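Written below as structure tokens is the structure these notes are about.
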Amino acid sequence: MWSSRRNVLLGAAALAGCGFTPVYGPDGRANGIRHAIRMDAPNTRDSFDFVAQMEQRLGRPNAPRYDLSYVITTRESGLAITGSNFVTRFNVQGTLTYAVRPIGADDPVTEGVVTGFTSYSASGSTISTLASERDASARLMVILADKLVAQLLVDPALT
């Protein structure tokens, strides 16, 4: 037990010596973009869920410095098909294409694509299948937003 504590302390000292700063620490990169990114207004259920998760992670913009434009595309495919050709599980794949621009500028400071997937069961009633489908879409938007936030936090163009 003592050796594991010692290893943790030595590891922390080594990280501090190399200039490591936690992204969510007092001087971390998250402070630079928190409350600073204004997203396009949502116009679909998916975009609403996406923007809600982005605001959960980065906060609502109170003094925005950047505009985030995005396009969300999803594709659904059968994953489990019975012998009678009935689909019992669906895979939902999502792609988010984004660009971050300083407010009022035309050229993005960063842009890219994030992808993710989730699935849902279609083996219940019609209502439970619809609820599962909506839940899967909401989970996919959380995945895409979390991946985007992770990319933005390490992007050197955003300070």
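The values are calculated or read from the model by the stated rules, or taken from the named source; none is laboratory data. What you see is a predicted model; the values in this text were computed from it and never measured. Quick reminder, even Gly has a Cβ in these numbers, built from the backbone with ideal geometry, and neighbours come from all protein chains shown. Side chains are part of the model used for accessible areas, which takes the heavy atoms of the whole protein and leaves out ligands, DNA and RNA. Shrake-Rupley method; radii C 1.70, N 1.55, O 1.52, S 1.80 Å.
Ranked by accessible surface with a 1.4 Å probe, highest first, in what order do R134, R34, R101 come?
On the way: R134 140, R34 100, R101 70 Å².
Sorted by accessible area, descending: R134, R34, R101.
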Put a dot 7 Å past each Cα toward the Cβ at N62 and R89; how far apart are the dots in nm? 4.5 nm
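Stretch T129-A150 to full length: gain in nm at 0.36 nm per residue minus the Cα-Cα span? Could the numbers behind the result be given before it?
Values: separation 21, 0.36 × 21 = 7.56 nm, distance 3.14 nm.
This chain segment gains 4.4 nm when fully extended.
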Give or take rounding to whole Å, what are the principal axis extents of the alpha carbon atoms in segment 92-159, in descending order? 49, 22, 14
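Give me the net charge for the shell around A63: Cβ to Cβ below 13 angstrom, other residues only, Lys and Arg +1, Asp and Glu -1.
Values: positive: R34, R38, R60, R65; negative: none.
Here the charged neighbours net out to +4.
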Quick one: Cα centre-to-centre distance for segment 62-77 and segment 122-159, in angstrom? 12 Å
